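Asker: Please read through the structure below; I'll follow up with questions.
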Amino acid sequence: MRDSDITQRVVGILTQTNEWHRKFSEDPDREDLEESGAVGQFVKELFRAEVDIRGDASPQEAVNAAMDVLEPRILHVVAEFAFAYAELAGLHDSGRTDVSSDDVLRNIALRAQDE
């Protein structure tokens, strides 16, 4: 999975969550807010990886081998969520009302496409 793909997925999850929050805020008793499975699908794709583990590896060695492959992906996802949060918080803290949170997320997604 490319860096831009991860960024796009993070933005998609945040955008969907923002929409759910709006709908729930309008009507807390709604029952039609079902999960799209986007988070689950993203996690499955993120953790799908080839890991070479020796046949005689101990359980700890197997875990370490898997973490060597997965840790950079996990750190990247956490960094993307943190970056998006910082951009959204900066907008909020600046008091700007001419730009929405959806605008900020859209801008992040567009920048990722250009990379």
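The values are calculated or read from the model by the stated rules, or taken from the named source; none is laboratory data. Nothing here was measured: the structure is a model prediction, and the numbers come from that model. Reconstructed Cβ throughout: ideal geometry from the backbone, glycine too, with neighbour counts over all protein chains shown. When the accessible area is computed, the model is the full protein with side chains, heavy atoms only, and any ligands, DNA or RNA have been set aside. Shrake-Rupley method; radii C 1.70, N 1.55, O 1.52, S 1.80 Å.
Asker: So which residues in the range 82-94 are over 20 Å from Ser4 (Cα atoms) and either in contact (Cβ under 8 Å) with a residue 40 or more places away in the chain or open to solvent by 50 Å² or more (accessible area, probe 1.4 Å) (or both), if there are any at all?
Answerer: Within the range 82-94, His92, Asp93, Ser94 meet the criteria.
Asker: Pull out all pairs, ordered by first then second residue, where Cβ-Cβ is under 6 Å, the residues are six or more apart or on different chains, the first lies in the range 3-22 and is open to solvent by 40 Å² or more (accessible area, probe 1.4 Å), and the second is outside any helix (DSSP H, G or I).
Answerer: Going by the 6 Å Cβ cut-off, the qualifying pairs are Trp20/Leu33.
Asker: Among the residues that make up the range 57-64, is at least one of them modelled with pLDDT of 95 or more, polar (S, T, N, Q) and open to solvent by 70 Å² or more (accessible area, probe 1.4 Å)?
Answerer: yes
Asker: Check whether at least one residue in the range 43-52 is open to solvent by less than 50 Å² (accessible area, probe 1.4 Å), without any contact (Cβ under 8 Å) to a residue 24 or more places away in the chain and over 14 Å from the mean Cα position of the chain (by Cα), and report yes or no.
Answerer: yes
Asker: Does the range 73-81 contain at least one residue that is part of a helix (DSSP H, G or I), aromatic (Phe, Trp, Tyr), closer than 14 Å to Ile6 by Cα and within 14 Å of the chain's Cα centre (by Cα)?
Answerer: Initially, the range 73-81 is screened for residues part of a helix (DSSP H, G or I), giving 73-81.
Filter once more, so that each one left must be aromatic (Phe, Trp, Tyr): 81.
If we keep only those that are closer than 14 Å to Ile6 by Cα as well, we get 81.
From what is left, the residues that are within 14 Å of the chain's Cα centre (by Cα) are 81.
Yes; the residues of the range 73-81 include at least one that is part of a helix (DSSP H, G or I), aromatic (Phe, Trp, Tyr), closer than 14 Å to Ile6 by Cα and within 14 Å of the chain's Cα centre (by Cα).
Asker: Do we have Glu71 as modelled with pLDDT under 90, at negative phi and open to solvent by 70 Å² or more (accessible area, probe 1.4 Å) here?
Answerer: No, not satisfied.
Asker: In the range 95-115, which residue that is outside any helix (DSSP H, G or I) and of a type outside the set (S, T, N, Q) is nearest to Asp5 (Cα to Cα)?
Answerer: Looking at residues that are outside any helix (DSSP H, G or I) and of a type outside the set (S, T, N, Q), I get Glu115.
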